[in-house]
Amino acid sequence: MITMDDIIREGHPTLRQIAEEVPFPLSEENRELGDNMREFLKNSQDPELSEKYQLRGGVGLAAPQLDISKRVIAIEIPNMEEEDGEPFLSEVMYNPKVLSHSVQQAAIEEGEGCLSVDRHVPGLVIRNNKISISYFNQDGEKRNIRLKNYPAIVVQHEIDHLNGIMFYDHINEANPNYAPDDVLLIQ
Ligand code: NI
C-alpha cells in the first residue's frame, strides 16, 4: 500500500526527468503500479483511512512521484454533484497524450497543490480549459476522451509530472495572480 512515505518531494531529481513510455502488453508490475496508485487516491479521500494512514487528500498521482520514472498517472475525481455517486473520473492512464486543446485557457482560482510539494505556493497556474487526450487503460485498450474545466486541469497537472514539470513552473513570478481577462477562473 502506498503512503506519504513513498512519495518523493520537490528537489528530488526524478521529478525533473522525462518519464519512459510503458510497453504493452502490460507487465504484472505495471498493472499493479496502476492499481496501487488508484488505491492510494481512493484511500486519501476516505475520511477514516486518510486519518489512519495520515494521507494528504489527492485527486491525481503520477508514477514519477513514487520515484518510478514511467508514463503512468492515476486520476480519481469525486462526483461533485452526488456525494455517494460514482466518481466523475476514476482511471489509470498509461502513456497519456494531449492530442489537442482549446484556445480558451483556465486556472483554478485558489491555485494548485501537489502531493510532492509540502508548502502552499500561491499563484494562478494557467492551463488549457479543454483538452482531448489519448491513453491506454489497464486492459491495453486505447481511449480518446475530452475533458474540460477542473478535470482537464487535474490531468494536465499529472501529465506535466511525466515531463518533469512542476505546477509552479507555470506561475508568473513577477505577478503570480495575474491572468488575462479571457482566462476562465475555476472556483
Ligand atoms: Ni503534483
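Of all residues being buried (at least 18 other Cβ atoms within 10 Å of the Cβ) and outside any helix (DSSP H, G or I) in the stretch 133-178, which is farthest from the ligand (Cβ to nearest atom)? Just the residue, please.
Phe136
Residues being outside any strand (DSSP E or B) and aliphatic (A, V, I, L, M): count how many of those fall in the stretch 65-110.
Result for the stretch 65-110: 4.
Under 7 Å by Cβ, and 6 or more places apart or on different chains, what pairs join a residue from the stretch 94-106 that is farther than 30 Å from Glu28 by Cα with one that is part of a strand (DSSP E or B) and open to solvent by 80 Å² or more (accessible area, probe 1.4 Å)?
His101/Lys130; Ser102/Lys130; Gln104/Lys130
Within the stretch 17-66, track down each residue that is more than 18 Å from Gln138 (Cβ to Cβ), open to solvent by 60 Å² or more (accessible area, probe 1.4 Å) and in contact (Cβ under 8 Å) with a residue 60 or more places away in the chain.
The answer is Gln17, Ile18.
Going through the stretch 85-99 one residue at a time, which ones are aliphatic (A, V, I, L, M), more than 15 Å from the ligand (Cβ to nearest atom) and open to solvent by less than 20 Å² (accessible area, probe 1.4 Å)?
Hit for the stretch 85-99 is Val92, nothing else.
Scan (1) under 19 Å from Glu21 (Cα atoms); (2) in contact with a strand residue (DSSP E or B) (Cβ under 9 Å, 6 or more places away or on another chain) for the single condition Ile165 breaks and write down its number.
(2)
Across the stretch 100-123, what is the total count of residues that are more than 16 Å from the ligand (Cβ to nearest atom) and either among the hydrophobic types (A, V, I, L, M, F, W, C) or under 15 Å from the mean Cα position of the chain (by Cα) (or both)?
The number of residues fulfilling the criteria is 2.
Among (1) of a type outside the set (Ser, Thr, Tyr); (2) over 24 Å from Asn177 (Cβ atoms); (3) away from the ligand (no atom under 13 Å from the Cβ), which single condition is Asn129 missing?
Among (1) of a type outside the set (Ser, Thr, Tyr); (2) over 24 Å from Asn177 (Cβ atoms); (3) away from the ligand (no atom under 13 Å from the Cβ), Asn129 violates only (2).
Limited to the stretch 119-132, what total is found for residues that are assigned to a loop (DSSP other than H, G, I, E, B) and surrounded by 15 or more Cβ atoms within 10 Å (Cβ to Cβ)? I'd like the intermediate steps shown before the answer.
Keep residues of the stretch 119-132 that are assigned to a loop (DSSP other than H, G, I, E, B), which gives 119-126, 129.
Narrowing the set further to residues that are surrounded by 15 or more Cβ atoms within 10 Å (Cβ to Cβ) leaves 121, 123-126, 129.
Count: 6.
Within the group Val92, Val72, Val103, which residue is of a type in the set (A, V, I, L, M, F, W, C), over 16 Å from Pro151 (Cα atoms) and touching a helix residue (DSSP H, G or I) at 6+ places or on another chain (Cβ under 8 Å)?
On inspection, the qualifying residue turns out to be Val72.
It is to be established whether one or more residues within the stretch 125-139 are out of contact with any Lys or Arg (no Cβ under 6 Å at 6 or more places or on another chain) and within 24 Å of Pro13 (Cβ to Cβ).
yes
The values are calculated or read from the model by the stated rules, or taken from the named source; none is laboratory data. This one's a predicted model, so the numbers in the text were calculated from it and none came from an experiment. Cβ coordinates were reconstructed from backbone atoms using ideal geometry, including for glycine residues, and neighbour counts include every protein chain displayed. Heads up: the accessible areas ignore ligands, DNA and RNA and are worked out on the full protein's heavy atoms, side chains in. Shrake-Rupley method; radii C 1.70, N 1.55, O 1.52, S 1.80 Å.
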